[in-house]
Structure formats: structure tokens, C-alpha cells
Amino acid sequence: MKTRLTELLEIDVPIIQGGLANLAYSELAAAVSNAGGLGQVTATSLSSAAELRAEIDKTRSLTKKPFGVNLAISQHHDIAGLLEVIVDEGVPVVSLTGGNPEPILRQLEGTGIRKLVLVGAARQAVKAEQLGADAVMAVGQEGGGHIGRSDTGTLVLVPRVVDAVSIPVVASGGIADGRGFAAALALGAQGIEMGTRFVATKECIAHNAYKAALVQGQENETVVIKRSIGAPGRVLNSQWVQKILSEESEHKSAEQIYPYVSGQRNKRAALEGVLDEGYAWAGQSMGLIHSVPTVAELFAEMLQNAKTMSDRLSAVW
């Protein structure tokens, strides 16, 4: 395939693996890159800059293809140290999610590193382009993990962003198969980003209970937490998640809410599989997930299905 995104990132297939807190490390990133997409290592789930350097080295031992590093800006106190490693290692791509990307975009100027910024509104996309982003990833409210505050769906958000900027737009949120892939391209996107779908792959280190919940669950079994503290994110519903929502309904402060939504509580569900004692990110696309394939198998199926959808649309006209 050839789109502006494949040319920008020097990849074969315009599919990006999301940052996936506590899950996106070398094995998954390399598998996605080897399949032709852009795999990513999640930097801010690591405890130090040294750990990031080691993860980058391990990823390079598993793939010769381009890969990226995701920085969740608001979730780590040592962004400067992580960024120093990224630049020193010459990582091809950096994606920025959460928080204000401006300081990091400024620091990456002139490095040759491709800069992707996650946005939830057209105005954010315009600002990211002005600040030097090479592409934006527009995430609709269907997406898993942190989403925009405007509750705009992917079907509306993507063309709004495409019309607002001149840089490539990546569609994210609610996409898990070839149909969504083809639809995103039809909306004007130059590629897609998926998170939830990559959790349910063999190479992802997520607990089998988490993967099974995605396969067995329906699209209406997710809810949005942390809305009351200005950081809405979509998760699998569970007893623990209901506790979070209860705390929020009582208008507790961010400091009071934090123990319920800490990274450790995410690990309890995502890595240890105790879903009722923590929370696990999940988008509405879980209703489209019916198997746990290898990444290579997933890509093959998606590409075939996208081609079928394209042929079907051509036949209509």
C-alpha cells in the first residue's frame, strides 16, 4: 500500500499500534513492524530512561523495520530523560499523547524524528500542525484508553480533522478490522491506529483473562472513567470500575480519585488478570473482536477484508 503515511514513516502498511500503557513493549512492537505497520514501545510505563534504552535495543534485535516510541506526556516525571534516550538512539518516530505536546515538539525540531500527536478535536489538530507535528492521530470517543473531552465519534471527527490540516491524518477509535480500515481511508485518513485490537493478539503480554474479556464482550460493555477529573478514558466495565464511577459521582478530588485509577490498578487487571480489582483499557471495537491471532495473521485478514470492501464499493459505482 502507498499513502502519505506509509511514505512519511517508511512503512508498508498504514497501520499504527497504539501506545498501550503497560503492554506495548519490544515483542509486540517488533511484530507489528515486521508485519509492515508501525509498532511502538510505551516509554512512560517504564521506570527509567535506562529501561527505555534497553527496550529500544531489544526491539532493534527483533526487527529491522521502523518503529516508534509513545510518550504519554502527563504520566511520567522524567520526560526529559526519556526524550534524551529517544534522540540519542535515533528512534524513527515519536507519538505524543496526553498533556501539552509543545515543549517536546520544540525539542524534537531538527532531529529528523517523525512526530505524531494524538488529538480529539479539529482545533487540537490545527495547533499540533502549527507546532510542527508531522501527522495527527484523530481519536473518536469510541476508542479505548484516553479520549477527547468532546465526545465526538470517529466518523465525524476524522473528516473534520482532514479538512482542518494539511498534514496526514490517522484515524483512531472503533477500528478493529478491514472494514474499519477501508472506511477510515474513505473518510480521508492516510492510515489507522489501533489499540484494543492489538491487545487481543498472541504477541501482546496482556493476561489471557483480559484478552478473553475482549473476545467475549460486546461493544456496550465499556464505560468512560476519569471524566470528572478532566482525563476521560474508556475501559472494560467491572466491579472496580463501578467503584471508580461511584467515587466520581461524589465529586471527589483528583487526589482522592487517583488511588482507584493508578498504574498499579491498571496492571492488576491488564497484567495479572484480576479484572474486578483494577481497570483495563478497552474501546467499543471489542464488539468486533472474535479471536486472538498473531499480528501477522491479523494484518493478513485485515488487508484482505479491506480489499474486499474496496472492491464492493467500486462495484456500486
Problem - Number of the condition not met by Gln218 [criteria: (1) touching a helix residue (DSSP H, G or I) at 6+ places or on another chain (Cβ under 9 Å); (2) within 28 Å of Ser150 (Cβ to Cβ); (3) surrounded by 14 or more Cβ atoms within 10 Å (Cβ to Cβ)] - result: (3)
Fill in the blank from the handout: If we ask which residues in the stretch 5-26 are among the hydroxyl-bearing types (Ser, Thr, Tyr) and closer than 15 Å to Leu116 by Cα, their number turns out to be 1
Practice task
Determine if the stretch 271-284 includes at least one residue that is touching a helix residue (DSSP H, G or I) at 6+ places or on another chain (Cβ under 9 Å), of a type in the set (Ser, Thr, Tyr) and either within 25 Å of Leu118 (Cα to Cα) or modelled with pLDDT of 95 or more (or both).
Solution key: yes
Handout entry: Check on Arg197, within 30 Å of Gly263 (Cα to Cα), basic (Lys, Arg) and within 16 Å of the chain's Cα centre (by Cα)
Key = yes
Completion exercise
Quick count over the stretch 289-317, residues being surrounded by 14 or more Cβ atoms within 10 Å (Cβ to Cβ) and within 29 Å of Thr44 (Cα to Cα), is 8
Completion exercise
In the stretch 1-17, anything out of contact with any Lys or Arg (no Cβ under 9 Å at 6 or more places or on another chain) and not polar (S, T, N, Q) is listed as Met1, Lys2, Arg4, Leu5, Glu7, Val13, Ile15, Ile16
Handout entry: Lone qualifier among Gly233, Gly273 - being buried (at least 16 other Cβ atoms within 10 Å of the Cβ), under 19 Å from the mean Cα position of the chain (by Cα) and under 27 Å from Ala43 (Cβ atoms)
Key = Gly233
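For every residue, the table says whether it meets (1) β-branched (Val, Ile, Thr); (2) more than 12 Å from the chain's Cα centre (by Cα).
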site	(1), (2)
Gly132	no, yes
Gly140	no, no
Leu155	no, yes
Val158	yes, yes
Ala171	no, no
Ile175	yes, no
Exercise for the section: Exactly one condition in (1) part of a loop (DSSP other than H, G, I, E, B); (2) in the same structural domain as Thr152 (by TED's automatic domain parsing) is not met by Glu272; state its number. Expected result: (2)
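Outside any loop (DSSP other than H, G, I, E, B) and over 17 Å from Ile15 (Cβ atoms): is that true of Lys267 in this structure?
It is true that Lys267 is outside any loop (DSSP other than H, G, I, E, B) and over 17 Å from Ile15 (Cβ atoms).
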Problem - Among residues of the stretch 126-148, those that are buried (at least 24 other Cβ atoms within 10 Å of the Cβ), at pLDDT 95 or above and of a type in the set (Val, Ile, Thr), counted - result: 2
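Residues that are closer than 21 Å to Asp12 by Cβ and among the hydrophobic types (A, V, I, L, M, F, W, C): find the strands (runs of 3 or more DSSP E) completely inside the stretch 174-251 holding 1 or more of those. Don't jump to the end; show me each part of the working.
Numbers: elements: 191-194, 222-225, 233-236.
Once the strands (runs of 3 or more DSSP E) in the stretch 174-251 are filtered for at least 1 residues that are closer than 21 Å to Asp12 by Cβ and among the hydrophobic types (A, V, I, L, M, F, W, C), what remains is 191-194.
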Completion exercise
For Glu55, the lone unmet condition from (1) surrounded by 22 or more Cβ atoms within 10 Å (Cβ to Cβ); (2) free of Cβ contacts under 8 Å to residues at least 40 places away in the same chain; (3) not aromatic (Phe, Trp, Tyr) is (1)
Exercise for the section: Select from the stretch 125-157 the residues that are assigned to a helix (DSSP H, G or I) and within 27 Å of Ile229 (Cβ to Cβ) and list them in ascending order. Expected result: Ala125, Val126, Lys127, Ala128, Thr154, Val156, Leu157
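The values are calculated or read from the model by the stated rules, or taken from the named source; none is laboratory data. These figures come from a predicted structure and were not determined experimentally. We place every Cβ from the backbone using ideal geometry, glycine too, and count neighbours over all the protein chains shown.
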